[in-house]
Amino acid sequence: MSAIALFLRLPITALEGLRSAAVPKKRIFGGVRDDMPNYLSRHARPIAEYRWSGYVIATVLAYLKDLGIDLMRSGYQDLANYLSKSRGVTAHVLSNDQRVQYSNALRGAFPEEELCAYYNQFNATSDTDAGRPMLDGIIVLRDALNAIDAESVVLVTIG
């Protein structure tokens, strides 16, 4: 089974509303109302497309963290944890602080062979084609960081 990774830019002013929209509401009649898709369509815009399995992004994030580039924890960690729990996905909120701290590091060279070896060791597999999706993951995360400014964040969800 595969997962989809989404990269959505939101204004910081929309984050409290995002928290409110994250939990589907039970209706008295007719099941559950999920406001999150509508909320995101009004307040967020996709900033990158990743065509591989979202699970690869999870491995890319671990690889980068091993290099000292921690995109899994930001000043919005409480929100990321809340979204992960309430939506049943893995959520990360990339911040402007992370953009300032890590953008240049993501411009470096990342050899596909090294990325492939990391992927296979991390996931206990032997996929000889894993380097390209890993490299594309680094590129999409770099693009996501570059889309952030002092008034915005990027929500990354894997699920």
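Since only A91, Q121, Y55 are under comparison, the one whose Cα sits farthest along the positive direction of the charge dipole of the chain, derived from C-beta charges on Lys, Arg, Asp and Glu, is A91.
The share of alpha-carbon pairs in segment 74-159 lying farther apart than 19 Å comes to 51%. When the chain is treated as a GNM with alpha-carbon contacts under 10 Å, the residue of T90, T125, T13 showing the greatest mean-square fluctuation is T125.
So which chymotrypsin sites (Phe, Trp or Tyr not before Pro) in segment 1-53 pass both tests, a DSSP loop state and at most 10 other Cβ atoms within 10 Å of the Cβ?
Qualifying residues, ordered by number: F29.
Tell me the label only: which of [x] 43; [y] 25; [z] 39 is percent of Cα pairs over 27 Å apart as calculated from this structure? Looking at percent of Cα pairs over 27 Å apart for this model, the match is [y].
Applying both filters, DSSP loop and at most 15 other Cβ atoms within 10 Å, to the trypsin sites (Lys or Arg not before Pro) of segment 45-84 gives R51, R73.
Using the 1.4 Å probe convention, the accessible area of the chain works out to 55 Å² per residue with neighbouring protein chains retained. Here the Gaussian network model covers the chain, with springs between Cα atoms less than 10 Å apart; of A124, A62, A14, A124 fluctuates the most.
Listed by chain and number, the lysines placed with their C-alpha closer than 21 angstrom to that of K85 are K25, K26; residues fewer than eight positions away on the same chain are left out. Structural descriptor for the chain: relative contact order 35 percent, calculated from alpha carbon pairs under 8 angstrom and at least 6 residues apart.
Expressed as a fraction of 2.2 N^0.38 Å, the value expected for a compact globular protein of N residues, the C-alpha radius of gyration of segment 36-92 is 1.26.
Starting from 0.36 nm per residue, how many nanometres of slack lie between V100 and S86 once their C-alpha separation is accounted for?
Values: separation 14, 0.36 × 14 = 5.04 nm, distance 2.94 nm.
Result for the pair: 2.1 nm of gain on full extension.
Taking GluC sites (Glu not before Pro) in DSSP loop conformation with at most 15 other Cβ atoms inside 10 Å as exposed sites, the chain has its longest uninterrupted site-free stretch at 50-150.
Taking S74, S126, S86 in turn, the Gaussian network model of the chain (Cα-Cα springs below 10 Å) assigns the largest fluctuation to S126.
Across the accessible surface of the chain, with the other protein chains kept in place and a 1.4 Å probe, carbon and sulfur atoms take up 52 percent. Each residue, K25 and N38, gets one label point 7 Å from its Cα in the Cβ direction; the gap between the two is 0.9 nm.
The values are calculated or read from the model by the stated rules, or taken from the named source; none is laboratory data. Just so it is clear, the model here is predicted, and its values are computed rather than measured. Neighbour counts are summed over all protein chains in view; Cβ atoms, including those assigned to glycine, are modelled from backbone coordinates with ideal geometry. Side chains included, ligands, DNA and RNA excluded: accessible areas come from the protein's heavy atoms. Shrake-Rupley method; radii C 1.70, N 1.55, O 1.52, S 1.80 Å.
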